[in-house]
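**Q** Once you've had a glance at the structure underneath, I'll fire off some questions.
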Amino acid sequence: MEQAIGVIDSGVGGLTVAKEIMRQMPNETIYYVGDTARCPYGPRSEHEVRKFTWQMADFLLKKNIKMLVIACNTATAVVLEEMRFYLNIPVIGVISPGSRAALKATENKRIGILGTIGTINSKAYVRELKLINRQVEVVQLACPKFVPIVESFEYQSNVAKKVVAETLKPLQNSGIDTLVLGCTHYPLLGPIIEQVMGSQVKVISSGEETAQEVSTILDFEKILKTSKKPPEHIFYTSGSRAIFSRIATDWLQEETLRIEFARLNTIEKPANV
């Protein structure tokens, strides 16, 4: 099937998921929307997160996508089930894949979760992990300073190292052996997080597991791309194309990226939902 896979995120964080989809399924085309103009979503109300996420989905639905990936943990926690109910295409989030990956990795069943204020307050990871294994112990930590660091292209700076080290102090003696990066922005800070936590803690990103789920569903639904035509990815941003391009080029390691401006409609939900 020639249609693209739609990927939406509050900003550039979902590029960590898009990169893994591109790696695992090089034939598939991706249309990505990053709502950088209104990022971060973490501190926002559920009403705003729901409205903004539907606006991104509506933008891509008009481009006839065959699947929607909500590559934002905050949006996944708020609106995933609603979108699955209303839309007639497969919709997946990043919380279930990330949880499964963490449960595979942990040996002592003590798992840490890093996330935005919205994701942590929703307790979506706690519910998902305990749904699969009631014996698991979960330690949550909100990291509101992480997303702005990534969005401002400071994720390799000395400031980033200092902020990460200070933020993660509460987890230093928590006994966790696995740490989930419960925001798709956080893998860009991954090397620093791994250094701070030490080799005894496995750091989990949901990107690889999410891409595997995308592949499985496309195969099951028989909507994998069958033509040999090279993919033509398009990356849309609601904010500065220059800043988005700088981060996307750095993270995806692609010299030429098609980056366009996304004018997101001010709707609550698409008219046909």
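**Q** Quick one: how many residues across region 77-101 are farther than 15 Å from Leu129 by Cβ and assigned to a helix (DSSP H, G or I)?
**A** Summing the residues that are farther than 15 Å from Leu129 by Cβ and assigned to a helix (DSSP H, G or I) in region 77-101 gives 9.
**Q** Which residues, counting only those in region 102-128, are among the basic types (Lys, Arg) and either buried (at least 24 other Cβ atoms within 10 Å of the Cβ) or assigned to a strand (DSSP E or B) (or both)?
**A** Arg110
**Q** If the requirement is being out of contact with any Phe, Trp or Tyr (no Cβ under 6 Å at 6 or more places or on another chain), of a type in the set (Asp, Glu) and in a loop (DSSP other than H, G, I, E, B), which of these qualifies: Glu194, Glu254, Glu208?
**A** Glu254
**Q** Within region 128-159, which residues are among the acidic types (Asp, Glu) and within 21 Å of the chain's Cα centre (by Cα)?
**A** Scanning region 128-159 gives Glu128, Glu151, Glu154.
**Q** Does Pro144 meet the test of being touching a residue at least 60 places away in the same chain (Cβ under 8 Å), out of contact with any His (no Cβ under 9 Å at 6 or more places or on another chain), part of a loop (DSSP other than H, G, I, E, B) and within 24 Å of Pro43 (Cα to Cα)?
**A** yes
**Q** Still on this structure, please answer the following. Pairs only if they're at least six apart or on different chains, beta carbon under 7 angstrom, first in region 61-83 and free of Cβ contacts under 8 Å to residues at least 60 places away in the same chain, second of a type in the set (D, E, K, R) and surrounded by 24 or more Cβ atoms within 10 Å (Cβ to Cβ); list them, first residue then second.
**A** Between residues of region 61-83 that are free of Cβ contacts under 8 Å to residues at least 60 places away in the same chain and residues that are of a type in the set (D, E, K, R) and surrounded by 24 or more Cβ atoms within 10 Å (Cβ to Cβ), there is no close pair.
**Q** If you don't mind, there's one more thing I want to ask. What number of residues within region 57-73 are within 14 Å of Val17 (Cβ to Cβ) and assigned to a helix (DSSP H, G or I)?
**A** Total satisfying the criteria: 1.
**Q** Given the structure, is Glu48 out of contact with any helix residue (DSSP H, G or I) (no Cβ under 9 Å at 6 or more places or on another chain) and either closer than 22 Å to Arg263 by Cα or basic (Lys, Arg) (or both)?
**A** yes
**Q** Could you grab me the full set of residues in region 6-30 that are hydroxyl-bearing (Ser, Thr, Tyr) and either outside the structural domain of Val214 (by TED's automatic domain parsing) or crowded, with 24+ Cβ neighbours inside 10 Å (or both)?
**A** Ser10, Thr16
**Q** Output the number of residues of region 158-191 satisfying the condition of being assigned to a helix (DSSP H, G or I) and either touching a strand residue (DSSP E or B) at 6+ places or on another chain (Cβ under 9 Å) or assigned by TED's automatic domain parsing to the domain that holds Val17 (or both).
**A** Number of matching residues: 7.
The values are calculated or read from the model by the stated rules, or taken from the named source; none is laboratory data. Nothing here was measured: the structure is a model prediction, and the numbers come from that model. Positions of Cβ are backbone-derived with ideal geometry, glycine not excepted, and every protein chain shown enters the neighbour counts.
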